[in-house]
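Asks: Let me give you the structure first, and then I'll get to my questions.
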Amino acid sequence: MIEEKTVILRTEHLKAFYLLEVHGTQKTVKAVNDVDIQIYENEIYGIAGESGCGKTTLLKTLFGEIVPPLRLIDGKIFYRIDDDEVDVSRMKSEAKRKLRMEYISYIPQGSMSVFNPVLKIKGTFADFIGSHVHGQSRAEIFELARERILELGLPKNVLDVYPHQLSGGMRQRVTIALAASLNPRIMIGDEPTTALDVVVQRGVIQMLKDIQKNLKNTIVLVTHDMGVHANIADRIGIMYAGKLIEEATTEKIFAQPLHPYTQFLINSLPKFGDKSMRDSVPGSPPSLADLPTGCPFHPRCPHVKDICRQEMPNFHHLDENHKVACWLVGEA
Amino acid sequence: MKTLIDLFKDYRFSFAFVVLLVILIMALLSFFSPYDPTLWYVVPRDLKPSSEHLLGTDSNGQDIFWQATYAVRNSLTISLISASVSRVIAILVGMIAGYKGGTIDRVLMFLGDSLLVIPLFLIFVMLAMMVREHMNLVVLGLMLSFFGWPWDARLIRSMVLSLRERDFTRTALLSGTGTIKLVLKEYMPFTMPLIFSTLINNMAFAIGLEITLALLGLVDLTIPTLGTMLNWAYFSHAILLERWWWILTPVILSICMFIALYWLSVSISEYLDPRTRIQRVGA
Amino acid sequence: MDKLLEVNELTKRYSQGNVLARITLTAVDHVSFYIKPAEIFTLAGESGCGKTTTAKLVLGFEEATSGTMLHNGKMQTRREKAWITRGVQAIFQDPFSTFNPLRTVDSYFHETVRNFRLARSKQEAVDRIDQKLRLVGLTYQEFAGKYPNEFSGGQLQRISIARALVTDPKLLIADEPVSMVDASLRMSIVNLFKQLRDELGVSILYITHDLATAYYVSDRIAIMFRGNIVEMGTVEEVLMNPRHPYSQLLRDSIPQVDPEKRWTTTVTLSELEHEEYLRQGCKFAGRCPDVMDICKGVVPADIYIDDVLVKCHKYSGK
């Protein structure tokens, strides 16, 4: 694809910390620590990393949901709305709420709590669409809901059942359909496939890809499962300890990972037909409240140099689509 | 110590603590009373509060302040007997029903539910009339405890039911731990906050029911309790004759006691609740 | 052949509902398999396929409706506590719920030593615990007196394995041991299983839905679907050359860690799980791409092809 890419979602030096008071002492959890990210229109962008690396917090801030104890310390978040860049971090909550679901929507993990347990699925859909589409009768809204459900490839009988009657996989797909029902430009998903069985997971991934293809919108997907990323993402950003450390197209990340952490992530995964010894990433991830100096990965890095302990490396751009923040690359 | 400081930040706890402390001191003062509470006409009748008789005297010729110290002590005794005995029943029934499950569970819960659905008050009045002759503090306390356990047993049972499905129950079994030890060591710590808060609620319940029964004249009126004091004052027309010091003493004491017990229970269970605990430490 | 554990025709039925509308679900349906000494045997399948129930039956946490279990040829009685009498131990899925958050982790170790009378003195107990912890890459000093929330998930899972090892078990049942552990740390657990098998001769019943680690670690595998074993054999045979249509679907649905190998076909998902449980004949018939008329009425028999068991009509008569 050689076409001019438009940036739809962009952050500048984004810093979002949790300010906590534990037993009378102040604690700062640096969950998103100076992240510059650019996400294009019409792509699926994957964010990967271990649990506790700040990827869920990054999603929350991208969605504009910054509630205490999480605080925006520094930086800006821009959405591109009608060819204008809008700084969301300064928007009033009323204006942000208007954008939700119509412009940017959030796919929660398909838990029961998303649905009203005493309402049939079509009721939930109608409530949801009705709160955004005004001036239509209940019957018209039901009809709209039915159309959307069919368009999104779900069987139409799901509309007439109660949430508890759905299997876990179907519930997750209905949740996704709900998030997609107003044709949002950006959809954000936090581990939407993690708790699912493999076959169901495959179905959900398939559905997300179909939605993206039809709406030509942007999906930002967080999961720790590199296998899912390999199958769905166009570009991948690797997060470690609140920072973005490597970003490239999916093919490049898997074919030519440059950061030692990315290499570990990919090489630790077993493959069919290959029984050779595989190792985990050594050690455990650092606490976001007590980060090591310099590059946060240096205590676990096998190639650590003196400078790694003192200074965080800047991004080295290998080409337009591949950047990595590691002292081993470029500078030497 | 840290716990207490945290708790005192809650105005409800501070209030409850001070009130209950005063009430407790009153109850202890009864041991130093110059008068025998069962004897009549030991002091001049119907005196207004004065330095000699702090809260005045009543028509039976008893000193109201010293009478009140006995009343508080006896009401507390009844409520403590009732609350602790019913706690023991609730814990035993709840734990056994929750852990064993099956038929035992169904039988125990049927018993408890039956007690919950029958009109308790009528049964109580009937029972009280039957044992009126032998009614003393202990009998009353035991009677109240018999009706105080079913709801709390249910709470404990449901807690044990969910704990039983947690993996650590299996870890304990695989470590060779026996049933009794398992229940005591693994489940008790989880149920303690619940047991504690229901203990306080149950005390309030017992005091209230005692007052009701006393007002109906169904207890031994010679034993001074908050209820019998109220009974005497009411039926001696203390309101009509404007002897407000007589009628207000038991009324204000019981109101203070209720609010204090309620706030104590609310503030402590809020403190112990894992969810608010998380908010408090913010971790 | 030496069989550490032999399971024959194991069945577990649950009744659901009230007196008027009672349905019986067969969670485990005439399941037979065996585990050899020093072998990792995998039970794989999706949630609700009966693999966890099978594990509970083997341990004695639940009573089987019918069927027998033999340890070294000796019968396991009903509701027998296999962890006390047969040297079977287990570890669980969620490392954070494996230990009571209000108790220190080491108390479980000491209790195990005491209950199984494995040491005569405190020092002996500590030595034994320390030795087991070292097997999983930890030391006694690192963990004594600490509460579960002071460890990471990966560490807790290794501690959980060490606790199981305290009694020197012959068989370790691992129920989804890595599914709650971060992908980047999974291999440290899985490699531990290999090490236990090779160095201590422990057999492991590895229960998982993750076929990639199953391939990596195990010797033989059984694929379960709705209470039945539909395919069983060596991992090489079953996973590299799956024969049952369900095994093929499962195998194809594992996301490959290779953007070149994305899925090109689409899948059909079941809408209601109960329907599949109650289905007559082959339970996969509703979703099977190769479905035949016979599949909808007759339960397929177990067929052996090159030492691989396949439960499918496609292969009957061949």
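The values are calculated or read from the model by the stated rules, or taken from the named source; none is laboratory data. Keep in mind the model is a prediction, meaning the values are calculated, not measured. Virtual Cβ from ideal backbone geometry, glycine too; neighbours counted across all protein chains shown.
Each row is one residue, and each column tells you yes or no for (1) buried (at least 18 other Cβ atoms within 10 Å of the Cβ); (2) among the hydrophobic types (A, V, I, L, M, F, W, C).
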residue	(1), (2)
B:LEU7	yes, yes
B:PHE15	no, yes
B:PRO34	no, no
B:GLY56	yes, no
B:THR69	yes, no
B:SER82	yes, no
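Asks: Turning to a different aspect of this structure: So, of the residues in segment A:98-156 that are in a helix (DSSP H, G or I) and within 14 Å of chain C (Cβ to nearest Cβ), which turns out to be farthest from A:GLU65 (Cα to Cα)?
Replies: A:LYS156
Asks: Any idea how many residues of segment B:84-108 are under 20 Å from B:LEU137 (Cβ atoms) and either without any contact (Cβ under 8 Å) to a residue 12 or more places away in the chain or buried (at least 24 other Cβ atoms within 10 Å of the Cβ) (or both)?
Replies: So the answer is 2.
Asks: One residue is enough: does segment C:98-110 have a residue meeting the conditions assigned to a loop (DSSP other than H, G, I, E, B), closer than 23 Å to C:THR52 by Cα and within 26 Å of the chain's Cα centre (by Cα)?
Replies: Yes, that holds for at least one residue.
Asks: Can you name the number of the only condition in (1) facing chain A (nearest Cβ under 8 Å); (2) touching a helix residue (DSSP H, G or I) at 6+ places or on another chain (Cβ under 7 Å); (3) not β-branched (Val, Ile, Thr) that C:SER218 fails?
Replies: Evaluating C:SER218 over (1) facing chain A (nearest Cβ under 8 Å); (2) touching a helix residue (DSSP H, G or I) at 6+ places or on another chain (Cβ under 7 Å); (3) not β-branched (Val, Ile, Thr) leaves (1) as the failure.
Asks: Okay, moving on. Just to be sure before I move on: is C:PHE96 within 11 Å of chain B (Cβ to nearest Cβ), under 16 Å from C:ILE173 (Cα atoms) and of a type in the set (Phe, Trp, Tyr) in the structure I sent?
Replies: no
Asks: Do we have C:SER184 as within 14 Å of chain A (Cβ to nearest Cβ), crowded, with 22+ Cβ neighbours inside 10 Å and touching a Leu at 6+ places or on another chain (Cβ under 6 Å) here?
Replies: Considered against the rule, which asks whether it is within 14 Å of chain A (Cβ to nearest Cβ), crowded, with 22+ Cβ neighbours inside 10 Å and touching a Leu at 6+ places or on another chain (Cβ under 6 Å), C:SER184 comes out as yes.
Asks: Here's something else I'd like to know. Filter segment C:125-178 down to the residues that are of a type in the set (Lys, Arg), touching a strand residue (DSSP E or B) at 6+ places or on another chain (Cβ under 9 Å) and part of a helix (DSSP H, G or I) and list them by number.
Replies: C:ARG163
Asks: A further question on this structure: Does A:LYS76 satisfy the condition of being in a strand (DSSP E or B) and closer than 25 Å to C:ASP182 by Cβ?
Replies: no
Asks: When you look at C:THR42, is it part of a strand (DSSP E or B) and either without any contact (Cβ under 8 Å) to a residue 60 or more places away in the chain or in contact with a Cys (Cβ under 8 Å, 6 or more places away or on another chain) (or both), yes or no? Quick ask: steps written out before the conclusion?
Replies: Numbers: part of a strand (DSSP E or B): yes; either without any contact (Cβ under 8 Å) to a residue 60 or more places away in the chain or in contact with a Cys (Cβ under 8 Å, 6 or more places away or on another chain) (or both): no.
Here the answer is no, as C:THR42 does not meet what is asked.
Asks: Name the one entry in C:ASP175, C:ASP168, C:ASP219 that is under 30 Å from C:ARG287 (Cβ atoms) and surrounded by fewer than 22 Cβ atoms within 10 Å (Cβ to Cβ).
Replies: Criteria check complete, one pass: C:ASP219.
Asks: Next up: Would you pick out the residues in segment B:126-179 that are under 20 Å from B:PHE110 (Cβ atoms), buried (at least 19 other Cβ atoms within 10 Å of the Cβ) and in contact with a Phe, Trp or Tyr (Cβ under 8 Å, 6 or more places away or on another chain)?
Replies: Of everything in segment B:126-179, those that are under 20 Å from B:PHE110 (Cβ atoms), buried (at least 19 other Cβ atoms within 10 Å of the Cβ) and in contact with a Phe, Trp or Tyr (Cβ under 8 Å, 6 or more places away or on another chain) turn out to be B:PHE147, B:GLY148, B:VAL160.
Asks: Identify all residues within segment C:249-267 that are part of a loop (DSSP other than H, G, I, E, B) and either under 16 Å from C:LEU239 (Cα atoms) or at pLDDT 80 or above (or both); write none if there are none.
Replies: Just the residues of segment C:249-267 that are part of a loop (DSSP other than H, G, I, E, B), to begin with: C:254-258, C:262-267.
C:ILE254, C:PRO255, C:GLN256, listed by residue number.
Asks: OK, next. Checking the conditions here, which among C:ARG197, C:ARG120, C:ARG134, C:ARG158 is more than 10 Å from every other protein chain (Cβ to nearest Cβ), out of contact with any helix residue (DSSP H, G or I) (no Cβ under 8 Å at 6 or more places or on another chain) and surrounded by 20 or more Cβ atoms within 10 Å (Cβ to Cβ)?
Replies: Only one candidate qualifies: C:ARG197.
Asks: Out of (1) buried (at least 24 other Cβ atoms within 10 Å of the Cβ); (2) among the hydrophobic types (A, V, I, L, M, F, W, C); (3) facing chain C (nearest Cβ under 10 Å), what's the single condition that is false for A:VAL199?
Replies: That leaves (1) as the condition not met.
Asks: Here are B:PRO44, B:PRO49: which of them is touching a helix residue (DSSP H, G or I) at 6+ places or on another chain (Cβ under 8 Å) and in a loop (DSSP other than H, G, I, E, B)?
Replies: The unique qualifying residue is B:PRO49.
Asks: Of all residues in segment B:183-198, which are within 11 Å of chain C (Cβ to nearest Cβ), crowded, with 18+ Cβ neighbours inside 10 Å and of a type in the set (A, V, I, L, M)?
Replies: Those that are within 11 Å of chain C (Cβ to nearest Cβ), crowded, with 18+ Cβ neighbours inside 10 Å and of a type in the set (A, V, I, L, M): none in segment B:183-198.
Asks: Do we find that A:VAL324 is crowded, with 17+ Cβ neighbours inside 10 Å and more than 24 Å from A:ILE39 (Cα to Cα) in this structure?
Replies: Criteria not met by A:VAL324.
Asks: Based on what the data block shows, is A:PRO286 surrounded by fewer than 20 Cβ atoms within 10 Å (Cβ to Cβ) and assigned by TED's automatic domain parsing to the domain that holds A:LYS55?
Replies: Yes: the conditions hold for A:PRO286.
Asks: Then there is this: Considering only residues that are within 16 Å of A:ASN33 (Cα to Cα) and in contact with a Ser or Thr (Cβ under 9 Å, 6 or more places away or on another chain), look in segment A:74-88 and name the one that is surrounded by the most Cβ atoms within 10 Å (Cβ to Cβ).
Replies: Residues of segment A:74-88 within 16 Å of A:ASN33 (Cα to Cα): A:74-77.
Filter once more, so that each one left must be in contact with a Ser or Thr (Cβ under 9 Å, 6 or more places away or on another chain): A:75-77.
Details: A:GLY75: 17, A:LYS76: 15, A:ILE77: 23.
Applying the filter and picking the extreme gives A:ILE77.
Asks: Quick one: would you say C:MET69 is in contact with a strand residue (DSSP E or B) (Cβ under 9 Å, 6 or more places away or on another chain), away from chain A (no Cβ under 14 Å) and surrounded by fewer than 19 Cβ atoms within 10 Å (Cβ to Cβ)? Full working, then the answer.
Replies: Values: in contact with a strand residue (DSSP E or B) (Cβ under 9 Å, 6 or more places away or on another chain): yes; away from chain A (no Cβ under 14 Å): yes; surrounded by fewer than 19 Cβ atoms within 10 Å (Cβ to Cβ): no.
Spelling it out, it is not the case that C:MET69 is in contact with a strand residue (DSSP E or B) (Cβ under 9 Å, 6 or more places away or on another chain), away from chain A (no Cβ under 14 Å) and surrounded by fewer than 19 Cβ atoms within 10 Å (Cβ to Cβ).
Asks: Given the residues A:GLU85, A:GLU50, A:GLU12, which is the only one that is in a loop (DSSP other than H, G, I, E, B) and among the acidic types (Asp, Glu)? Full working, then the answer.
Replies: Working: A:GLU85 fails: in a loop (DSSP other than H, G, I, E, B); A:GLU12 fails: in a loop (DSSP other than H, G, I, E, B).
Going through A:GLU85, A:GLU50, A:GLU12 in turn, just one is in a loop (DSSP other than H, G, I, E, B) and among the acidic types (Asp, Glu): A:GLU50.
Asks: Of the conditions (1) within 14 Å of chain C (Cβ to nearest Cβ); (2) within 23 Å of A:LYS60 (Cβ to Cβ); (3) in contact with a helix residue (DSSP H, G or I) (Cβ under 7 Å, 6 or more places away or on another chain), A:THR175 clears all except one; give me its number.
Replies: Only one criterion in (1) within 14 Å of chain C (Cβ to nearest Cβ); (2) within 23 Å of A:LYS60 (Cβ to Cβ); (3) in contact with a helix residue (DSSP H, G or I) (Cβ under 7 Å, 6 or more places away or on another chain) is unmet by A:THR175, namely (1).
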